Amino acid sequence: MQHIHWLGTGLSSIPGIRRLAQNYDYLTIWNRTIEKAEQSINHVNKQNVVAKKFDIDSLSQILKAGDIVVSQLPANQHVDIAKLCLIKKCHFATSSYISPDMQSLDGDAKKNNLVFVNEVGLDPGIDHFFSHLLVKKLKDMNLTNLDVTYHSYCWGFPAIPNDFKYKFSWSPLGVLKALKSPSKSLRNFKEFNVDRPWDAISSYQAPLEKAETFEVYPNRDSLPFMEDYKFDPAWIVKDFVRGTLRLNGWSLAWQDIFKEIERLTGKAGDNRLKEMSDQFWSENAYEKDEPDRVVLCVSLKAEMKNSIEWHKTFVMDAWGNDEGSAMSRLVSQPVSLAVEAVLHKKLEAGVQAAPSKMAIVDDWLSKIDNLAQYLKVIQHN
């Protein structure tokens, strides 16, 4: 019997853990704090659904060939967990991006017939599903001589905005480090490279049930995703950006932070980032049961001689409720779907991102549909 091992019980894990605990009988939840692991399954009365205190040696001793390991630990620990999975002949899943070190394990994973599935959360994850579907629909139109524009913007923030225009559900250090990361995208047919995200902030009107304007900026390197989404090589790509979405006023509220981050270098800079992270966590962490909100918009537009021939946008708007935060639902439940796909042998061996096969995409979207209070495909023309 395949056993599921879920590592990490932060706020972005709980709904996925509980879904698997309700549906499967062999599940172990691992966390450095055993009490948190126990709390995540305290509603389940199954003999083989258990909690354990995490350390990699204890995990190594219990793993068996064919087991599935979910890592919702900090991203810098994923590769070590994946390497352990190779040794133990186990499958691996996480919501995080595929790093170069993770990608380097692809050959060994295939050789051992192991699935190492990544990018199956919200962003990255659900945004990939929307993108694959939009690209497929545009291809089905059989249009030619197209200029194509693609925008994907996502993230979460407090449902009731605070002066800081943001709150944290886990360590702020990741957000602060991301502000030091350059980005690559396409803008007006040209590569658009940015060293500092705040230099590329623009306004975006999201086509929600009630139209709303946000601040957005490019995130990471968007360009490889054109191939991942199987863009037609004949398309001339005008804009292509995968970006981060923030509340209006965020850039003003954070302007002093931007100035300080720009000056930070070396070990002293890293230490200062950690101090800032600790301060922001104490001042701007979500309160218990405080509702959050997540907005995701993925848009694909095709033009011919400056005339719009086709334009659709997937729009998702979700907020926290009595069952937990919107972010935790939208990150962890897709991870649980990935675990099921591995169990049912629906994914091929190797290192991979969220599935692109339409049958799987359609199936997962039908199950994700009830996770957001508002989910719609907007036909603009």
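The values are calculated or read from the model by the stated rules, or taken from the named source; none is laboratory data. Because the structure is a prediction, the values reported are computed rather than measured. Neighbour counts are summed over all protein chains in view; Cβ atoms, including those assigned to glycine, are modelled from backbone coordinates with ideal geometry.
Here are a few things to note about the model shown:
Every residue, every condition in (1) at positive phi; (2) surrounded by 23 or more Cβ atoms within 10 Å (Cβ to Cβ); (3) at pLDDT 95 or above, yes or no:
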{"residue": "Ser307", "(1), (2), (3)": "no, no, no"}
{"residue": "Trp310", "(1), (2), (3)": "no, no, yes"}
{"residue": "Val315", "(1), (2), (3)": "no, no, yes"}
{"residue": "Asn321", "(1), (2), (3)": "no, no, no"}
{"residue": "Pro334", "(1), (2), (3)": "no, yes, yes"}
{"residue": "Ala338", "(1), (2), (3)": "no, yes, yes"}
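- Strands (runs of 3 or more DSSP E) wholly inside the range 152-252 containing at least 2 residues that are of a type in the set (Phe, Trp, Tyr) and surrounded by 14 or more Cβ atoms within 10 Å (Cβ to Cβ): 212-218
- Ile160 falls short on exactly one of the conditions (1) more than 17 Å from the chain's Cα centre (by Cα); (2) closer than 27 Å to Leu365 by Cα; (3) among the aliphatic types (A, V, I, L, M), and that condition is (2).
- Counting only helices (runs of 4 or more DSSP H) that sit wholly inside the range 1-74, those with at least 2 residues that are closer than 28 Å to Asn112 by Cα and hydrophobic (A, V, I, L, M, F, W, C) are 14-23, 56-62.
- Test result for Leu86, closer than 23 Å to Leu371 by Cβ, in a helix (DSSP H, G or I) and not assigned by TED's automatic domain parsing to the domain that holds Ser169: no
- Within the range 286-305, considering residues that are over 21 Å from Asn381 (Cα atoms) and among the acidic types (Asp, Glu), the one modelled with the lowest pLDDT: Asp289
- Any chance Asp363 is under 22 Å from Gln2 (Cβ atoms), assigned by TED's automatic domain parsing to the domain that holds Ala234 and either surrounded by 15 or more Cβ atoms within 10 Å (Cβ to Cβ) or of a type in the set (Phe, Trp, Tyr) (or both): yes
- Of the residues making up the range 342-357, not a single one is farther than 26 Å from Val79 by Cα and among the β-branched types (Val, Ile, Thr).
- For Gly324, the requirement of being touching a strand residue (DSSP E or B) at 6+ places or on another chain (Cβ under 8 Å) and touching a residue at least 24 places away in the same chain (Cβ under 8 Å) is not met.
- Residues (in contact with a helix residue (DSSP H, G or I) (Cβ under 6 Å, 6 or more places away or on another chain) and closer than 12 Å to Leu122 by Cβ) located in the range 299-329: Ala318, Ser328, Arg329
- Of all the listed residues (Val50, Val79, Val44), the sole one being over 21 Å from Glu340 (Cα atoms), surrounded by fewer than 21 Cβ atoms within 10 Å (Cβ to Cβ) and not small (Gly, Ala, Ser) is Val79.
- Test: Glu303 is more than 30 Å from Ser366 (Cβ to Cβ), over 22 Å from the mean Cα position of the chain (by Cα) and part of a strand (DSSP E or B): yes
- Where Phe280 falls short, out of the listed (1) over 23 Å from the mean Cα position of the chain (by Cα); (2) assigned to a helix (DSSP H, G or I): (1)
- Scope the range 338-363; condition in a helix (DSSP H, G or I) and out of contact with any Phe, Trp or Tyr (no Cβ under 6 Å at 6 or more places or on another chain); matching residues: Ala338, Val339, Glu340, Ala341, Val342, Leu343, Met358, Ala359, Ile360, Asp362, Asp363
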